[in-house]
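All of the numbers you see were taken from the coordinates with simple rules; none came from a lab. Just so it is clear, the structure is predicted and the values come from calculations on it, not from any experiment. Note that we place each Cβ from the backbone using ideal geometry, even for glycine, and neighbour counts take in every protein chain shown.
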Amino acid sequence: MPDDRIKVTVARSSGGQSVFDVPAYENQTVLDVVSWVQQNADPTLSYRFACRVGMCGSCAMMVNGVPRWTCRTHISKVLDKGAVTIEPLRNLPVVKDLVVDMDPFFDKWIGAEGVHHGGLTRHDPIAPVDEGSAARVEANAGIECINCSVCYAACDTVAGNPDYLGPAALQRAWTLLNDAKDEGRVAILDAVSGSGGCHNCHSMGSCTTYCPNELDPMSAIAGLKRETAKSFFRRGR
């Protein structure tokens, strides 16, 4: 066992906190620390993870107040005087300890019309896609979103307005709006221009700052603001 120890404070669903003395190892991640606590100190601790290699995003938690993928966050990078505080993702209901209910997050994808709107059948020719077009570039820019909800947890607008659709759902809407194969343009613009839509965004940029995949939801939301404004004036004529 190593000589160095880490003071780990973990939020509990009871409303309190538990503090653990965890051994420090080389190349140790925050997820490693949480796993050590559950396996060696408190088997009742609940948390969520899957791949452990930075692919699925299911291990996202608040680490010293910042949303992160814990499997890709080395503990040495976030320690503050040998201590770290780990909490469940912000802006989502807590199921137990470090596990949050993702249903509200995915419900907002549906609310933003973030689902493919197809109009062709299997008998129709495949819709052509111009990979070099400006619209395709915009669509591709957000396609690597894996629904980890880090941007949602980082968003102060979501914290202050529970009806706000949030950066991930709006980025998905922007992706589909620019997809030549999607035929739901009117439905998407109507969905994202409502009371919880893109115009609630204050452009603070936390979503873009903290996205682990280095996507840019803030720019996608700005695009939706432009397109909804254009649509409003066109319809007003």
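For this structure, a couple of remarks:
- For the chain, adding -39500 (n - 2.57) for each run of n ≥ 4 DSSP H residues and dividing by the number of residues yields -9500 deg cm²/dmol at 222 nm.
- Here the dipole of segment 5-100 is about 200 debye; that uses its Cα centre as origin and unit charges on the Cβ of Lys and Arg (positive) and Asp and Glu (negative).
- q = 0.13, 0.19, 0.23, 0.29 Å⁻¹, segment 149-190: log10 I(q)/I(0) [Debye, one scatterer per Cα]: -0.33, -0.61, -0.76, -0.93
- Arranged from fewest to most other beta-carbon atoms within 10 Å of their beta carbon, Trp69, Trp109 become Trp109, Trp69.
- Normalising by residue count, segment 5-100 has a Cα convex hull of 92 Å³ per residue.
- Eligible lysines near Lys108 by straight Cα distance, threshold 19 Å, same-chain separation 8 or greater: Lys225
- Assuming charge only on the beta carbon of Lys and Arg (+1) and of Asp and Glu (-1), the dipole of segment 125-190 about its Cα centre is about 60 debye to the nearest 20.
- Dipole-positive endmost among Val78, Val34, Gly132 within the chain (Cβ charges, Cα centre): Gly132
- 13 Å beta-carbon shell around Cys59, net charge (K/R +1, D/E -1): +3
- Each of Met204, Met102 was scored by other Cβ atoms within 10 Å of its Cβ. Listed from fewest to most, they are Met204, Met102.
- Most fluctuating residue given options Thr209, Thr44, Thr121, as computed from a GNM of the chain linking Cα atoms under 10 Å: Thr121
- Under a model in which nothing but the beta-carbon of Lys, Arg (+1) and Asp, Glu (-1) is charged, the chain shows a dipole of about 460 debye around its Cα centre.
- For the options Asn178, Asn40, Asn161, a Gaussian network treatment of the chain with springs between C-alpha atoms closer than 10 Å singles out Asn40 as fluctuating the most.
- Straight Cα distances below 19 angstrom link Lys7 to the lysines Lys77, Lys81, with same-chain residues fewer than 8 positions distant left out.
- By the count of other C-beta atoms within 10 Å, a proxy for reagent exposure, Lys81, Lys181 are ordered fewest to most as Lys81, Lys181.
- For the options Val53, Val63, Val84, a Gaussian network treatment of the chain with springs between C-alpha atoms closer than 10 Å singles out Val53 as fluctuating the most.
- Applying D = kT/(6 pi eta Rh) to segment 108-237, where Rh is the Kirkwood radius over alpha-carbon pairs, T corresponds to 25 °C and eta to 0.890 mPa s, the Stokes-Einstein value obtained is 163 µm²/s.
- Convex hull volume per residue for the chain, taking Cα atoms only, in Å³: 147
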